[in-house]
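Notes to accompany the following structure.
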Amino acid sequence: MVNIITLFALKKYLLFLLFAALCGKIKAQAGYNYAEYGLGFGVSYARPFSDLKANYNDYVYNVNANYYYTPYVPVTLEIQFGKLRGGGNTVKEDASTRRFSNNFKAVLLHADLQLGQVIDYQQSFVLNVLKNFYIGSGLGVMLNSVDANRESLIDIGYKFPGSSSSVGLLVPLRVGYELKIYNGYGEPNIRLDFGYQHNIAFGEGMDGYDDPPTKFKNNAVDQYRQFSVGVKLNLWGGAAYGKSISGN
């Protein structure tokens, strides 16, 4: 029931983003040029929220391809790869001595809505700075490759159920700031992205454990969070926007 409610709320959220983007696109007329297509890469400091007591920080990397529907509404295809870890061989790390290391990959399609799409930032220094804040979401799949302890060191003879290889649905929730660097024509051809992303991983594949809730507390879906920094280069295409993108 919780998962159904969550997906329904995300659907309404995505529809709102699309509506706001369409409104801005309709208002925009020929004027200031920008490149619509580009490539990027980034790194994030990631930590899982698994069913285990202890969870650790690791680095996750990404490459991405971007289409800017407007200068403030990027649609991104992103590939992530890295490691998520939790648990350990002591009861301090996990009461049942479970532990996992997931060398995962993820493919996500997400869209962001920057404030510049919905506010009039021209003639205002403060709003011109705030225009680059964004929220976003999307959908993706997570390909899990888990090395997990399958035999309890406490309950001798008990084998932890679960899969070492799985594919699950992934929903990213994003907030951040995109710092635009302009060329001599006022076009944002370099974009530095500073963001926080919280990923909801449906299923039990992220940590590789699928123990019955009667034996282990399991009242939340698997998740992982990321503090990230990235660079995006706008390289191709030519589109026009109805007002100055730089705000000058």
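Here, each number is a calculation from the coordinates, and none is a lab measurement. All figures in this text were calculated on a predicted structure; none of them were measured in a lab. Cβ: placed from backbone, ideal geometry, glycine included. Neighbour counts: every protein chain shown.
Extending each Cα 7 Å along its Cβ direction at LYS83 and TYR185, get the distance between those two points in nm, one decimal.
Modelled inter-label distance: 4.5 nm.
Under 8 Å for C-alpha pairs, at least 6 residues apart: give me the relative contact order for region 2-241, rounded to a whole percent.
Taking the mean separation of contacting Cα pairs over the length of region 2-241, I get 23 percent.
Taking a spot 7 Å from the Cα of VAL167 along the direction of its beta carbon, which residues of region 83-107 have an amide N less than 13 Å from it?
Answer for region 83-107: 105-107.
Grab the DSSP H runs of the chain that are 4 residues or longer, score each as -39,500 (n - 2.57), total them, divide by all residues and round the 222 nm result to the nearest 500 deg cm²/dmol.
Rounded to the nearest 500, the figure is -4500 deg cm²/dmol.
Quote the convex hull volume per residue of region 164-239, based on C-alpha atoms, as a whole number of Å³.
132 Å³
For region 71-112, just say rounded, prolate or oblate: build the C-alpha gyration tensor, square-root its eigenvalues into a ≥ b ≥ c, call rounded for a/c under 1.5, and beyond that prolate if a/b exceeds b/c, oblate if not.
Prolate.
Above 19 Å lies some portion of the pair distances; for region 57-141, what is it as a whole percent of all C-alpha pairs?
More than 19 Å apart: 59 percent of the Cα pairs in region 57-141.
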